[in-house]
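Below is one structure; the comments refer to it alone.
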Amino acid sequence: MLGCLVTLKKEPKMVHAYRQIAAYTVIFLFASIVLVLLIYPGRAYAYLDPGTGSYVLQLLIASAIGALFALKMFWKRVSTFFKNLVSRTLDSDK
Amino acid sequence: MISDRKNEDVPASFRDPSGFIFCRDNALYRQINQIYGEDYKQLIDSGLYKHLVEEGFLVAHEEVSIQGPRPEVAYKVIRPDPVPFISYPYEWCFSQLKDAALATLSVQKIALSSGMSLKDCSAYNIQFSYGRPILIDTLSFERYKEGMPWVAYRQFCQHFLAPLALMSMKDVRLNQLSRIYIDGIPLDLASSLLPFGSRLRFSLFTHIHLHARSQKRYADRAVERGNRNFGSLAFRGIIDSLETSIRRLTWQPEKTEWGSYYNETNYTSSSFMHKRELLGNFLTHTNPTTVWDLGANTGFFSRVASDRSIPTVSFDIDPAAVEKNYLQCVKNGEKHLLPLCLDLTNPSPGIGWANEERHPFLNRGPADTVLALALVHHLAISNNVPLDRLAAFFGKVCSRALIIEFVPKKDSQVQRLLSTRDDIFPDYQQEAFERAFSHYFYLEKTEPISGSERTLYLMVKRGNA
């Protein structure tokens with residue numbers, strides 16, 4: 001029981017640090033991509049479409065949003081794993 | 001096949017090439033065009049339709065064998081279950097719009113798991129039916145195209161995210177912008193109105209501020225719309241980011257003009273309860289099929305009707321009162337009460353193409369029975385509406401009965417209204433009130449409310465007695 005608790009205290013800190021580094025990296029990459037792409041919009045044609053900007057934005061943010069979502073899913077799995085571990089440990093201690 | 005008797009396209013659905021709504025013999029139908037056939041087939045065959053209907057997210061329908069108005073392009077005709085009352089986003093309180101947004105995203109997430117996606121995200125596709133926000137446009141789905149961004153992203157941001165952010169972070173009354181901009185609030189406008197702090201939230205910075213910049217930048221440019229390898233992770237990421245963003249937006253109703261009205265009136269609790277008892281007796285007498293409570297505040301008296309399973313719409317001008325009313329409905333799981341924001345002195349007009357896409361308030365009636373409790377003095381004195389015009393209005397808004405409270409000049413509420421203005425209302429007297437309303441109604445019951453100077457009337461519309 002004690003062993004489980006010690007492991008529990010250490011693991012989330014590591015995951016938390018990893019999560020923060022990854023999040024900052026993603027945000028930095030995201031900001032760079034957006035800035036570069038907004039400054040250099042690529043080929044231009046002359047017709048009006050209010051949806052084009054929405055379409056382009058999604059392409060611009062795709063990598064960052066996708067990465068953040070993957071990270072969130074990963075974090076959810078980790079926290080669910082530890083929550084289950086704690087509840088199982090508590091149940092077995094009863 | 002049933003022969004055509006009365007065909008009428010419903011003006012709200014002309015834009016979609018997939019199909020359209022039409023009315024026949026007082027029932028609503030939807031013609032599905034051949035162009036949408038494959039998508040409809042997948043909606044049904046994948047089990048998505050069944051799943052969404054069972055979860056209470058999508059209006060149920062049945063396929064019928066009548067001929068639609070344009071049989072040359074028809075694939076099928078369906079009859080959706082009727083929605084008790086059609087309401088619009090500019091009539092919803094904050095939490096109603098938020099719940100509508102979250103329902104839309106839930107539908108999208110379920111659709112993705114069945115290989116489909118929402119191709120439009122108009123807030124008008126959501127209606128409140130039996131206490132829940134549901135999608136009423138069965139033709140909103142398309143087969144998910146791997147590698148392509150979400151086609152309804154712009155519409156979701158304009159119809160839901162922008163108004164909710166404005167209501168939450170700036171002023172709750174800004175949902176009235178939806179009344180002007182039928183395709184949602186332009187993002188550049190939302191971006192300019194939102195406080196600086198909104199830029200510090202990653203999701204709002206991306207989906208509103210950056211989105212607005214991108215729209216402006218690419219307004220007159222084209223991009224090649226080939227397969228952009230927009231992965232499903234990115235697709236789901238955008239839905240998740242929007243959902244997180246919506247969930248984080250909150251609004252707390254402060255004490256407003258009407259929020260604490262019941263505590264500040266000159267009612268004693270016994271006269272308040274007597275009024276409720278009288279109202280209950282009147283409703284038993286008339287047994288209405290539908291009720292509109294005009295000036296309902298937080299819906300205390302509306303519940304006398306809705307608790308009897310009468311479909312009841314509870315209108316009030318105050319967004320805080322409507323918010324409290326709605327939250328109570330959600331908390332108690334009330335199915336027969338729909339709270340809505342409405343300024344009776346300037347009710348919702350017909351908007352959109354030819355002023356016909358969204359119906360004006362009066363065209364969505366009449367209600368069987370209308371309640372006008374502690375309302376007349378506000379309309380007659382605060383808004384200077386003469387009694388004969390008031391009577392004519394109530395004659396239009398109800399089809400059978402009117403339960404109306406007369407509040408005399410000596411009542412403290414009227415005295416409060418008159419304290420800051422000259423008394424230019426010599427006709428505001430009980431006899432004149434009865435005379436004006438007698439043109440349109442029989443005064444069936446007249447009951448004084450104990451412990452007050454007020455009178456509660458049950459009036460039956462002439463021609464219905």
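The values are calculated or read from the model by the stated rules, or taken from the named source; none is laboratory data. Predicted model, so just to flag it, every value in this text is computed and none were measured. Ideal geometry is used to build each Cβ from the backbone, glycine not excepted, and the neighbour counts take in all protein chains shown.
List every residue pair whose Cβ atoms sit under 8 Å apart, with the two residues 6 or more apart in sequence or on different chains, where the first one lies in region B:381-397 and is polar (S, T, N, Q) and the second, anywhere, is assigned to a helix (DSSP H, G or I).
So the pair list comes out as B:382/B:417.
Evaluate the following for residue B:96: is it farther than 19 Å from residue B:244 by Cβ, modelled with pLDDT of 95 or more, among the polar types (S, T, N, Q) and not in a helix (DSSP H, G or I)?
Against the criterion (farther than 19 Å from residue B:244 by Cβ, modelled with pLDDT of 95 or more, among the polar types (S, T, N, Q) and not in a helix (DSSP H, G or I)), residue B:96 does not qualify.
Suppose we filter B:436, B:374, B:432 for residues that are under 22 Å from residue B:299 (Cα atoms) and in the same structural domain as residue B:281 (by TED's automatic domain parsing); which single one remains?
B:374
From the residues in region B:190-212 that are within 9 Å of chain A (Cβ to nearest Cβ) and either in contact with a Leu (Cβ under 6 Å, 6 or more places away or on another chain) or modelled with pLDDT of 95 or more (or both), which one is nearest to residue B:177 (Cα to Cα)?
By that ranking, first place goes to B:212.
Mind telling me which of the residues B:316, B:307, B:343 ends up being buried (at least 18 other Cβ atoms within 10 Å of the Cβ) and either out of contact with any strand residue (DSSP E or B) (no Cβ under 9 Å at 6 or more places or on another chain) or among the charged types (D, E, K, R) (or both)?
Just one listed residue meets the conditions, B:316.
Can you pull out every residue in region B:389-428 that is at pLDDT 95 or above and either among the aromatic types (Phe, Trp, Tyr) or in contact with a Pro (Cβ under 8 Å, 6 or more places away or on another chain) (or both)?
B:393, B:394, B:396, B:397, B:398, B:399, B:400, B:401, B:406
Name the helices (runs of 4 or more DSSP H) wholly within region B:269-346 that hold at least 1 residues that are β-branched (Val, Ile, Thr) and in contact with a helix residue (DSSP H, G or I) (Cβ under 7 Å, 6 or more places away or on another chain)?
Fully inside region B:269-346 and qualifying: B:302-306.
I'd like the residue in region B:226-249 that is surrounded by fewer than 19 Cβ atoms within 10 Å (Cβ to Cβ) and more than 7 Å from chain A (Cβ to nearest Cβ) and, out of all such residues, is modelled with the lowest pLDDT.
The residue in question is B:227.
Please note which helices (runs of 4 or more DSSP H) are completely contained in region B:155-194 and include at least 1 residues that are of a type in the set (Asp, Glu) and in contact with a helix residue (DSSP H, G or I) (Cβ under 9 Å, 6 or more places away or on another chain).
Passing ranges, in order: B:187-193.
Taking region B:156-200 only, how many residues are crowded, with 19+ Cβ neighbours inside 10 Å and either on the phi > 0 side of the Ramachandran plot or out of contact with any Pro (no Cβ under 6 Å at 6 or more places or on another chain) (or both)?
So the count comes out to 21.
When you look at residue B:41, is it without any contact (Cβ under 8 Å) to a residue 24 or more places away in the chain and farther than 22 Å from residue B:122 by Cβ, yes or no?
Yes; evaluated as a whole, the condition is true for this residue.
Within region B:431-447, track down each residue that is surrounded by 14 or more Cβ atoms within 10 Å (Cβ to Cβ) and of a type outside the set (A, V, I, L, M).
Across region B:431-447, the qualifying residues are B:433, B:434, B:435, B:437, B:440, B:441, B:442, B:444, B:445, B:447.
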